[in-house]
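All of the numbers you see were taken from the coordinates with simple rules; none came from a lab. No experiment lies behind these values; they were computed from the predicted model shown. Neighbour counts run over all protein chains shown; Cβ positions are idealised from the backbone, glycine included.
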Amino acid sequence: MERNKVEAAGDAGGAVMSESSIAAFVGGAAGYYAREFARLHASSGHVASFNPVAALLGPVWLAARQLWNWFWLFLFVEALAWVQLSRGLFAELGAEELARAQRLAGSASTRRAEAEEAVAAGASNAASLEESALALEAASGEALLAAEAAAATAPALVALGVAFLVLAKLAQGLIANRALSRRYFRWCSDRSVRGRGGAGAAAGTSAFVGAVYGLSAYRFSAGDVPEWLAEFPESRSWRRSVESAIDGAFQWMTESWAGLFTGITHAIRLLLDGMETLLVSTPWPVVMGVIVLLAYRMAGPRVAVFTAAALAYLGVLGFWDKSMTTVALLGSAALLCLVGGIPLGIWCARSPRVHSLVRPVLDLMQTMPSFVYLIPVIAFFGIGKPPGILATVVFGMPPVVRLTVLGLHGVPPAVREAALAFGTSPAQLLLKVDLPLAMPSIMTGINQTILMCLSMVVIASLIGARGLGEEVLDALTYANEGKGVLAGLAILFCAMILDRIVQGRIPSSGR
């Protein structure tokens, strides 16, 4: 065999291939792979390379070579091909329609006999029975035609399955060597990259692939599928036991921690009352003037003009009070999110252990449907505005925590080392170096938190939070399209005003 080293260009980036290194990577057939890898990387254009073993073994070969992305793709394609083949060869196509046709024919025969008896007896319903019998016979004929048409698709299904399988095999043979060569060059620079699995892993993968193909094909082609395969085995007694345990836990927490929940509700109520006093009870010209001036100072004259027009829309169409109530709810929720989220993000950025504990909680808060965590909120805090604020906090806090962590992790280590070299204390390092450099990311988190809190207004109105969400909810309940569109635009304008003010003036590229 050829033992000379071959210079590889392209993806190799000047790496050197040798049969010995390829043998260490792929195991057997090193000479074949050395020739194919060299041929693939010797030319800058496209070079075809077909691997018959990969084409024959399919996903099993891809898994053995640790090419898992391709494995899942071709596992699905080949399973689909085997399902179509098994349906065309073994399934009783049209069996359901044939059984329906037989049932309808039996009913038509019965109805026909009833009609003949009614005619013989001179009954008044003889004509209706005759019409019913004719309709049933027609329906039976249509079902029989549908069954015959379904049965006639068997050759097409077989042809489709064969075509899918052949194309999948060809594609795997053509992709295999190129994908493996790319993985080889990654292995050259990172020896943690694996090029093959063990014999046990190969046997397990083969059994898994065979089970996927076999069970899928059997499920779609067998006439009478076992219950354990058609439906997942369930235990209703276990479910009832778990539900009872959860109900008991909620009941115990509601009774034992009633004082804590009441205190939290009162504290949120005080914050909300202050926000509503500022936004709802204050004369509207004062509130509007302050918001427009704030928009002008933070984002410039264009945003100030847009803000004035949007606020005028809210006032003229009668949404002013509910809009300010919504902003008060939003402001209270966003304030709680920021007061808790930014310090938590700083702690997570400084402590990997805390971050590893908090991250799953943040994932849960973001991925759990909002209607689900309304259940404990209602159980512990009842209904009204404070529970609506708490539900909004659960949904709105993760972005500011995550983006605070991201911003602090993005502070250049060289800058921190220079600050420490000049004798900066930990507090000064945080306040004068880390937070200023991380501020763009933190401000993005604040912006996202505010907008996500605002997106909860409709859901929070379900538990009595009121505001603009109540208008949308009423429109949905009574199918009042006009009211729903106007209220939705009011929420949109509130979101746009807050977004522009929080983002502030965007500097031009020329500065």
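Remarks
- Of the complete DSSP H runs in the chain, those spanning 20 angstrom or more by Cα along the long axis with a mean Kyte-Doolittle score not below 0.5 are 68-90, 126-151, 154-189, 199-221, 258-276, 284-299, 301-316, 320-350, 385-409, 435-454, 481-503.
- Within the straight-line cut-off of under 20 Å between alpha carbons, the aspartates and glutamates reachable from residue 483 are 321, 470, 471, 474, sequence neighbours fewer than 8 places apart in one chain being disregarded.
- Contact order for segment 95-152, expressed relative to its length and based on alpha carbon pairs under 8 Å spaced 6+ residues apart, stands at 51 percent.
- Radius of gyration over Kirkwood radius for segment 381-466, both on Cα atoms: the Rg/Rh ratio is 1.22.
- When each of 287, 339, 119 is scored by the number of other beta-carbon atoms lying within 10 Å, the sequence from fewest to most is 339, 119, 287.
- In summary, segment 109-238 shows an alpha-carbon radius of gyration equal to 2.10 times the 2.2 N^0.38 Å reference for compact globular proteins.
- The ratio of the alpha-carbon radius of gyration of segment 254-503 to the globular-protein estimate 2.2 N^0.38 Å is 1.11.
- Cα gyration tensor category, rounded, prolate or oblate, for segment 285-347 with a/c compared to 1.5: oblate
- When the P(r) is computed for segment 407-511, the part past 21 Å accounts for 57% of the Cα-Cα pairs.
- Sparsely packed loop sites in segment 250-323 (the chymotrypsin sites (Phe, Trp or Tyr not before Pro) outside DSSP H, G, I, E and B with at most 13 other Cβ atoms within 10 Å) comprise 257.
- DSSP-loop chymotrypsin sites (Phe, Trp or Tyr not before Pro) across segment 409-511, with at most 14 other Cβ within 10 angstrom: 422, 478
- Those trypsin sites (Lys or Arg not before Pro) in segment 163-204 that DSSP places in a loop and that have at most 10 other beta carbons within 10 Å: 191
- What the Cα convex hull of segment 276-414 gives, in volume per residue, is 152 Å³.
- Cα-based equivalent ellipsoid, the chain: semi-axes from gyration tensor eigenvalues, Å: 55, 48, 24
- Taking other Cβ atoms within 10 Å as a rough exposure proxy, 324, 275, 298 sort from fewest to most as 298, 275, 324.
- Its relative contact order, with pairs defined as Cα atoms under 8 Å and 6+ residues apart, puts segment 390-511 at 26 percent.
- Counted without the sites themselves, the longest stretch of the chain free of GluC sites (Glu not before Pro) in a DSSP loop having at most 12 other beta carbon atoms within 10 Å is 235-511.
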